[in-house]
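Asker: I have a structure I would like to understand better, so I am pasting it below and will then ask my questions one at a time.
The values are calculated or read from the model by the stated rules, or taken from the named source; none is laboratory data. Just so you know, these numbers come straight off a predicted model, no measurement behind them. All Cβ positions, even for glycine, are placed from backbone atoms using ideal geometry, and neighbour counts span all protein chains on display. Calculation scope for accessible area: heavy atoms of the full protein, side chains included, ligands and nucleic acids excluded. Shrake-Rupley method; radii C 1.70, N 1.55, O 1.52, S 1.80 Å.
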Amino acid sequence: MADHLDRVVAQWGAERPDLDVSPMEVFGRLKRLFRLVDAELNRTFAEHGLDAPSFDVLATLKRSGPPYRLTPTGLMESAMVTSGAITQRLDRLEARGLVTRTRSDQDRRSRDVELTPEGHALIDRALPAHVANEHRLLAGLDETQKAALIEGMRALLEDLGEGSG
């Protein structure tokens, strides 16, 4: 079954047969998949009054385990948010009563970020919906295909310097 990228590669093959444009098949599909999946994930987050970075901060605090508290730097290292976005994100989550910032026990100059009871309740509601959505999005792949996809992406990330951190 041919898709858009098959046509693009065939067109380039006709126009520039001297170039191996096969990487376009991978990266073009990755970009298209990202747009589709991102929209689906964001729809589920929005149903819970969240966006992807807010969900990630709450989920990172939750999965860190008791006492569900991290430094902003620890959050940045564990979450999928940038340093520039973390302060603004924390301000918004704190204003909604989902996290609190308190003086750190280890460093009096620093402030720890902790889930509030409302933050716990929200992530406990949103997480099952998010995971169910991800299962739905991967339903077209069998277990062998999922394992191959995971392994291929892991190898590429490692090759590009992402490492296992």
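Asker: Tell me which residues come under 5 Å, amide H to amide H, from ARG111 once H is placed; ignore anything under 5 positions away on its chain.
Answerer: SER104
Asker: What translational D, rounded to a whole number of µm²/s, comes out for the range 1-113 from Stokes-Einstein when the hydrodynamic radius is the Kirkwood one over Cα pairs, at 20 °C and 1.002 mPa s?
Answerer: On the way: Rh = 17.2 Å.
After rounding, the answer is 125 µm²/s.
Asker: Something else: Check which residues have an amide H placed less than 5 Å from VAL99's amide H, if you skip close sequence neighbours.
Answerer: When sequence neighbours closer than 5 places are left aside, the close amide H contacts are GLU94, THR116.
Asker: Also, quick follow-up: Give the accessible area for THR87 in Å² (nearest 10); use a 1.4 Å probe, count only protein heavy atoms, and leave out ligands, DNA and RNA.
Answerer: 80 Å²
Asker: Then there's this: Per residue of the chain, what 222 nm ellipticity follows from adding -39500 (n - 2.57) for every DSSP H run with n ≥ 4, rounded to the nearest 500? Spell out each step's value before the answer.
Answerer: Details: 7 runs with 107 residues, N = 165.
When only DSSP H runs of four or more count, the value is -21500 deg cm²/dmol.
Asker: If I fit a long axis through the Cα atoms of helix 52-63 and take the longest principal axis of the Cα atoms of the chain, what angle between them do I get, 0 to 90°, rounded to 10?
Answerer: 60 degrees
Asker: So, one more: Convert each backbone phi in the range 32-43 into a coupling constant with the Karplus relation 6.51 cos²θ - 1.76 cosθ + 1.60 (shift: θ = phi - 60°), then list the ³J(HN,Hα) values in order as whole Hz, x for Gly and Pro.
Answerer: Each residue of the range 32-43 in turn: 5, 4, 4, 4, 5, 5, 4, 4, 5, 5, 4, 4 Hz.
Asker: Next up: If R0 is 25 Å, what FRET efficiency do you get for ASP159 and ARG29 from their C-beta distance, rounded to 0.05?
Answerer: Values: r = 18 Å, r/R0 = 0.73.
Computed FRET efficiency for ASP159 and ARG29 comes out at 0.85.
Asker: Let me ask you something else. Would you tell me the accessible area of SER22, worked out with a 1.4 angstrom probe on the heavy atoms of the protein chains, in Å² to the nearest 10?
Answerer: 50 Å²
Asker: Also, quick follow-up: Give a residue-ordered list of calculated ³J(HN,Hα) values for the range 131-138 (Karplus: 6.51 cos²θ - 1.76 cosθ + 1.60, θ = phi - 60°; whole Hz; x for Gly, Pro).
Answerer: 5, 4, 5, 4, 4, 4, 5, 9
Asker: Continuing with the same structure: From the phi angles alone, apply the Karplus equation (6.51, -1.76, 1.60; θ = phi - 60°) to the range 150-156 and give each ³J(HN,Hα) in whole Hz, x where the residue is Gly or Pro.
Answerer: Going residue by residue, I get 4, 5, x, 5, 4, 4, 5 Hz, with x marking Gly and Pro.
Asker: Next question, about the same structure. At what distance in nm do the modelled label points of ARG63 and LEU137 sit from each other, each positioned 7 Å from its Cα along Cα→Cβ?
Answerer: Using points 7 Å along Cα→Cβ, the separation is 1.4 nm.
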